[in-house]
2 protein chains.
Amino acid sequence: MSSVTPGDARARRRLTNEIKGDLRELRNQLAMLNRQVGARLELNDVDMDCLDLISRHGPLSPSAVARRAGLHPATMTGILDRLERAGWVARERDPADRRGVTVRALPDRAGEMYGLLAGMNSAMDDICAGYTDAELDVVAGFLSRAIEAGRGATEELAGS
Amino acid sequence: MSSVTPGDARARRRLTNEIKGDLRELRNQLAMLNRQVGARLELNDVDMDCLDLISRHGPLSPSAVARRAGLHPATMTGILDRLERAGWVARERDPADRRGVTVRALPDRAGEMYGLLAGMNSAMDDICAGYTDAELDVVAGFLSRAIEAGRGATEELAGS
DNA sequence: CCCGTACAATATGAGAATCGTATTACTTCA
DNA sequence: TGAAGTAATACGATTCTCATATTGTACGGG
């Protein structure tokens with residue numbers, strides 16, 4: 001990311017708006033992909049989101065997942081019940097604080113989901129293969145920043 | 001997008017995987033942002049998705065929205081009832097085929113949602129402002145391709 | 001022209017999910 | 001020790017989803 005070239009301000013504005021629109025469209029498209037995958041696995045929409053959170057951000061307490069996902073703690077109990085019954089996660093009592101529970105993603109069924117996402121996965125590999133290392137760096141940096149912006153905006157709304 | 005530089009294959013693989021992970025995380029984060037916005041507007045999660053589809057892809061028939069969103073047509077009736085009651089969309093009879101209905105997004109309440117997304121919006125403006133035109137082109141291209149990949153993967157799952 | 005078939009949207013009812021509140025179990029601090 | 005606070009969950013009322021049935025409309029063949 002080098003310094004900004006002045007360029008044509010109008011064209012630049014258009015480009016920025018295009019990117020913001022694309023981001024919204026991408027979110028929607030990926031949500032639909034998720035819904036299809038979830039349907040195959042008999043997983044609820046929200047359940048997938050939570051499973052994703054648990055898989056990515058390590059063992060978490062139910063309330064931590066609820067906070068991150070913006071859901072009511074009581075709702076989380078139901079979600080975890082379903083995920084646990086279907087063998088996606090395990091609940092373990094926190095040895096340090098016996099009120100607490102930590103939820104851990106189990107590797108067993110992960111392959112099933114991976115299989116359903118294989119098409120998307122290889123499509124993304126193909127796309128990435130068409131870029132130079134430097135370009136991929138730009139994209140990766142952009143995505144990280146966008147995630148961070150999303151987190152910030154979410155917290156701002158959640159906190160007020 | 002120029003031709004690929006050989007570079008270090010291992011580092012490249014790592015970079016590609018990072019991007020794929022970021023994409024999943026971004027989806028999740030934006031889903032949470034959406035949930036917060038939806039909560040403020042008393043809009044359901046799915047309702048937001050459908051409203052987004054209708055806003056972006058012009059007037060659509062209920063069944064077309066249902067197909068795109070991967071939802072049952074009867075579910076769509078309920079969703080549109082809620083959206084219509086709250087003044088987000090309008091149903092109009094299709095003059096060409098009187099069995100049909102077309103759903104159109106109304107501009108009235110769009111500003112409310114825009115306001116809630118203002119934080120995210122300006123954060124993205126800031127992020128984009130830090131890139132050169134050429135870099136933004138790379139990002140925009142990448143996003144378009146990723147959307148297309150998502151669409152393809154979704155259709156593949158939906159069709160089978 | 002009319003009838004049978006096909007299609008779009010919606011009504012209806014059964015099952016499931018969500019969330020506010022109450023409850024139980026445990027910790028922490030006075 | 002006991003009072004207050006916290007984590008998770010049980011429970012019930014409300015809401016949502018979806019399979020099926022129904023209504024209204026189009027269209028092609030006789």
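The values are calculated or read from the model by the stated rules, or taken from the named source; none is laboratory data. Not measured: the values here are computed from a predicted model. Every residue, glycine among them, receives a Cβ derived from its backbone with ideal geometry; neighbour counts consider all protein chains shown. The protein model used for the area step is the full one, side chains on, heavy atoms only, and it has no ligands, DNA or RNA in it. Shrake-Rupley method; radii C 1.70, N 1.55, O 1.52, S 1.80 Å.
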For the stretch B:86-125, enumerate the residues that are without any contact (Cβ under 8 Å) to a residue 40 or more places away in the chain, more than 20 Å from B:R35 (Cα to Cα) and touching a helix residue (DSSP H, G or I) at 6+ places or on another chain (Cβ under 8 Å).
B:A90, B:R91, B:D125
Scanning the stretch A:41-72 residue by residue, those more than 7 Å from chain B (Cβ to nearest Cβ) and in contact (Cβ under 8 Å) with a residue 60 or more places away in the chain turn out to be A:L41
Would you confirm, using the coordinates I've provided, whether A:G141 is away from DNA strand D (no atom under 16 Å from the Cβ), on the phi < 0 side of the Ramachandran plot and in contact (Cβ under 8 Å) with a residue 24 or more places away in the chain?
yes
Examine the stretch B:106-123 for a residue that is charged (D, E, K, R) and within 11 Å of DNA strand C (Cβ to nearest atom), and state whether such a residue exists.
no
Flag if B:L136 is open to solvent by less than 40 Å² (accessible area, probe 1.4 Å), at the interface with chain A (Cβ under 7 Å from one of its Cβ atoms), at pLDDT below 95 and in a helix (DSSP H, G or I):
no
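Which of the residues belonging to the stretch A:92-121 are more than 21 Å from the chain's Cα centre (by Cα) and basic (K, R)?
A:R93, A:R98, A:R99
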Based on this model, can you work out whether B:A158 counts as open to solvent by 30 Å² or more (accessible area, probe 1.4 Å), within 9 Å of chain A (Cβ to nearest Cβ) and touching a residue at least 12 places away in the same chain (Cβ under 8 Å)?
yes
Can you work out which of the residues in the stretch B:141-151 that are at the interface with chain A (Cβ under 7 Å from one of its Cβ atoms) and within 15 Å of the chain's Cα centre (by Cα) is most open to solvent (accessible area, probe 1.4 Å)?
B:R145
I'd like the full set of residues that are more than 14 Å from chain B (Cβ to nearest Cβ) and within 11 Å of DNA strand C (Cβ to nearest atom), limited to the stretch A:73-93.
A:P73, A:A74, A:T77, A:G78, A:L80, A:D81, A:R82, A:L83, A:R85, A:A86, A:R93
If a residue must be more than 15 Å from DNA strand C (Cβ to nearest atom) and open to solvent by less than 60 Å² (accessible area, probe 1.4 Å), how many such residues does the stretch A:94-104 contain?
1
Scanning the stretch B:105-125 residue by residue, those more than 8 Å from chain A (Cβ to nearest Cβ) and surrounded by fewer than 19 Cβ atoms within 10 Å (Cβ to Cβ) turn out to be B:L106, B:P107, B:D108, B:R109, B:A110, B:G111, B:E112, B:Y114, B:G115, B:A118, B:S122
